[in-house]
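Reviewing the structure listed below.
The values are calculated or read from the model by the stated rules, or taken from the named source; none is laboratory data. The model shown is predicted, which means the values in this text are computed figures rather than measured ones. Every residue, glycine as well, gets a Cβ built from its backbone with ideal geometry; the counts of neighbours run over all protein chains shown.
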Amino acid sequence: MNILILGSGGREHTFAWKIAQSSLCKSLYVAPGNSGTAEVATNVNIGVTDFEAIKTLVLDKGINMVVVGPEDPLVQGIHDFFLNDNQLKKVAVIGPEKAASELEGSKEFAKEFMFRHNIPTAAYKSFDASNVEEGYAFLETLNPPYVLKADGLAAGKGVLILQDLKEAKTELKSMLVDAKFGAASAKVVIEEFLDGIELSCFVLADGKNYKILPTAKDYKRIGEGDTGLNTGGMGAVSPVPFATPEFLNKIEERIVKPTISGLQKDNLPYKGFVFIGIIKVGDDPKVIEYNVRMGDPETEVVLPRLKNDLVEIFQAIANQTLDKIDIKIDERAATTIMLVSGGYPEAYEKGNEIVGVDSITDSIAFHAGAKIDNGKIVTSGGRVMAITSYGNSYQEAIKKSYQSIEKLYFDKMYYRKDIGFDL
Ligand code: AMP
Ligand code: GLY
């Protein structure tokens, strides 16, 4: 079959790398893709939310399956766009429909879903510009730190954690009244602060059945020791050492099962990945957030551990036969270290040549913000490349990634040297 992947990051290069290994895949396209996807697929320069251009491409190339990488097209309803079009409705779309994508598109929707289905999560209340005063009063009933979340998509920047009550009130006003995050913060969810260690849980869903993929932990802060600004993710480890079988069982019983049955009860069609951000509070898991896609850089450690043919899994998702799939996982650990452009997540340079990619033999270099320019690989984004390695332990895998990174260079390259430090 002919397959199109939407997206251009390390996650999408990993999808392309994995799908290209499938005998079920005839032609593989990525829109818009990067220098890494160009090695295993054909890049097409179309934006991920340009639905009309995507339609033309799908019809021109006889594409049978579309795998959606990022959340934007899902929240904008790409799956519904395909279902509502006579020429496209037979094309399999991997990613939930618009109504279910609100689990990521609206924090308030996600909180209401969790409370409706008794899924453990932080207590909360939501506010808009009409009841800011009530928001202040609610903050006064909480203990610090205060957690303020823009309701809508804010490119990972919409969550503020503040120690000071006065500052929390000022920020609440700036989000609701001064549109700090634009339309995304027209509503704000104020949450109880949960103290614990986080992990990411990935579930495949076909609307009826589910399968759980390996857990991963990502490192979101730019600085060592988890300090400084939030990023998309600076590295990841899979499996997560503290996710014992007992803890994983709690996640499945208390969170995964009610999530999947809740989607059915609420009539929210879901064919795709459910990414559940979990925090371990004491010995109990609580949900921090849902995402309706795979994580990045978690994909770069989860898919390399999956032994199954990914296209076969996607076909089972499309046909609602996931129950027939036996998920097989590589026993080895996988880790990835993200190389970023100096200055990221604030201003950074682009267009710097990346040298040494071909000399990497013990790791896999998944390209992210990297493109081909005049035959050279150059930086084109903040997160540039994820260097993934396997090991008999996560320590061994991390060591291998750091050894591989020694062979790579671009001007102002930065990476965290402490991935895994807290495990
Ligand atoms: P989110 O976008 O909801 O995942 O939030 C971003 C980050 O903020 C999470 O990865 C957590 O580290 C932190 N966070 C979010 N909600 C809470 C909470 N209720 N308590 C503590 N930390 C939180
Ligand atoms: N690495 C976190 C995310 O993809 O949202």
Some residue of the stretch 83-101 being closer than 18 Å to Phe275 by Cβ, in contact (Cβ under 8 Å) with a residue 12 or more places away in the chain and either within 15 Å of ligand 1 (Cβ to nearest atom) or polar (S, T, N, Q) (or both): yes
Matching option when the condition is farther than 22 Å from Pro70 by Cα and either hydrophobic (A, V, I, L, M, F, W, C) or modelled with pLDDT of 95 or more (or both), among Ile317, Ile279: Ile279
Any chance Ile161 is touching a Gly at 6+ places or on another chain (Cβ under 9 Å) and of a type in the set (A, V, I, L, M, F, W, C): no
All positions within the stretch 374-388 that are part of a loop (DSSP other than H, G, I, E, B), at negative phi and not hydroxyl-bearing (Ser, Thr, Tyr): Gly381, Gly382
Any hit, the stretch 154-172, residues being out of contact with any Lys or Arg (no Cβ under 8 Å at 6 or more places or on another chain), more than 23 Å from Val75 (Cα to Cα) and within 10 Å of ligand 1 (Cβ to nearest atom): yes
Members of the stretch 173-227 found to be out of contact with any Asp or Glu (no Cβ under 8 Å at 6 or more places or on another chain), within 15 Å of ligand 1 (Cβ to nearest atom) and over 20 Å from Thr336 (Cα atoms), listed by number: Met175, Phe181, Ile190, Glu191, Glu192, Phe193, Leu194, Asp195, Gly196
Qualifying residue in the stretch 134-155 (condition: in contact (Cβ under 8 Å) with a residue 12 or more places away in the chain, out of contact with any helix residue (DSSP H, G or I) (no Cβ under 9 Å at 6 or more places or on another chain), under 30 Å from Leu57 (Cβ atoms) and within 16 Å of ligand 2 (Cβ to nearest atom)): no
Those helices (runs of 4 or more DSSP H) lying entirely in the stretch 1-107 with at least 3 residues modelled with pLDDT of 95 or more and closer than 24 Å to Asp151 by Cα: 71-75, 78-83, 98-105
Criterion (within 16 Å of ligand 1 (Cβ to nearest atom) and within 17 Å of the chain's Cα centre (by Cα)) met by exactly one of Gly295, Gly282, Gly272: Gly295
Considering residues of the stretch 195-220 that are within 12 Å of ligand 2 (Cβ to nearest atom) and basic (Lys, Arg) only, the residue surrounded by the fewest Cβ atoms within 10 Å (Cβ to Cβ): Lys220
Count of residues meeting criterion [of a type in the set (Asp, Glu) and under 28 Å from Ile337 (Cβ atoms)] in the stretch 30-57: 1
Residues being over 20 Å from Met338 (Cβ atoms) and of a type in the set (Val, Ile, Thr) - total across the stretch 10-29: 1
Any chance Leu339 is away from ligand 1 (no atom under 16 Å from the Cβ), farther than 30 Å from Asn2 by Cα and either of a type in the set (Phe, Trp, Tyr) or buried (at least 17 other Cβ atoms within 10 Å of the Cβ) (or both): yes
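So that you can scan it fast, the table gives a plain yes or no per residue for (1) modelled with pLDDT of 95 or more; (2) hydroxyl-bearing (Ser, Thr, Tyr); (3) part of a strand (DSSP E or B):
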position	(1), (2), (3)
Ile372	yes, no, yes
Tyr390	yes, yes, yes
Lys400	yes, no, no
Gln403	yes, no, no
Single residue of the stretch 154-185 satisfying the filter (within 24 Å of the chain's Cα centre (by Cα) and hydrophobic (A, V, I, L, M, F, W, C)) that is farthest from Glu71 (Cα to Cα): Ile161
Strands (runs of 3 or more DSSP E) within the stretch 260-367 that include 2 or more residues within 30 Å of Asp151 (Cα to Cα) and in contact with a strand residue (DSSP E or B) (Cβ under 7 Å, 6 or more places away or on another chain): 272-281, 284-291, 333-341
Total residues in the stretch 45-92, condition β-branched (Val, Ile, Thr) and surrounded by fewer than 17 Cβ atoms within 10 Å (Cβ to Cβ): 2
Filter pass, Ala183 being within 16 Å of ligand 2 (Cβ to nearest atom) and exposed (fewer than 13 other Cβ atoms within 10 Å of the Cβ): no
Residue check, Asp266 over 18 Å from the mean Cα position of the chain (by Cα) and of a type in the set (Asp, Glu): yes
Residues that are within 24 Å of Glu331 (Cβ to Cβ), of a type outside the set (Val, Ile, Thr) and in contact with a helix residue (DSSP H, G or I) (Cβ under 8 Å, 6 or more places away or on another chain), drawn from the stretch 189-238: Cys201, Phe202, Leu204, Tyr210, Lys211, Leu213, Pro214, Ala216, Ala236, Ser238
